[in-house]
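Q: Below you will find the structure I want to go over with you.
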Amino acid sequence: MPKGTSYNGEFKQKVIEDMRSDNLAYREAARKFGIPDHGIIMKWERIYLEEGPEGLFIERRGRASVDGGTRKGRKPNLDKKVEEDLIAENQRLRAEIDYLKKLNALVTERVQRERKHKS
């Protein structure tokens, strides 16, 4: 099929389910169904595994919308609780880095003072 060809959700689902049931490699499935690039099937399988068969029916051409980094029709990547935990950890790590920088500056200052007194 020529470049720019679009495939409907039913076709995508059939390709993925046949590939999985017959234990076909991506290239074998592409050859069997006349798809020019096996990478397309890899994308379909990822969507199938992440979102289920219904994910293959969502139109995904064009740029992703700017709604918090998620693509139109997809679930957000992180659960709200996980996101909050990561933000809290990030803040804690920043505070720890600031503390260590301050400690390093104090130690360096003390070493320099001791060198001056020895001279």
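Q: Of all residues in region 18-41, how many are of a type in the set (Asp, Glu) and open to solvent by less than 70 Å² (accessible area, probe 1.4 Å)?
A: Residues flagged as of a type in the set (Asp, Glu) and open to solvent by less than 70 Å² (accessible area, probe 1.4 Å) within region 18-41 amount to 1.
Q: Could you name every one of the helices (runs of 4 or more DSSP H) located completely within region 14-119 that has at least 2 residues being in contact with a Ser or Thr (Cβ under 8 Å, 6 or more places away or on another chain), modelled with pLDDT of 95 or more and of a type outside the set (Phe, Trp, Tyr)?
A: In region 14-119, there are no helices (runs of 4 or more DSSP H) which contain 2 or more residues that are in contact with a Ser or Thr (Cβ under 8 Å, 6 or more places away or on another chain), modelled with pLDDT of 95 or more and of a type outside the set (Phe, Trp, Tyr).
Q: Let me spell it out: the conditions are (1) part of a helix (DSSP H, G or I); (2) within 25 Å of the chain's Cα centre (by Cα); (3) under 26 Å from ASN77 (Cα atoms), and GLU10 meets all of them except one. Which number is the exception?
A: Condition not satisfied by GLU10: (2).
The values are calculated or read from the model by the stated rules, or taken from the named source; none is laboratory data. All values derive from a computational prediction rather than experimental measurement. All Cβ positions, even for glycine, are placed from backbone atoms using ideal geometry, and neighbour counts span all protein chains on display. Keep in mind that these areas ignore ligands, DNA and RNA; they rest on the heavy atoms of the full protein, side chains included. Shrake-Rupley method; radii C 1.70, N 1.55, O 1.52, S 1.80 Å.
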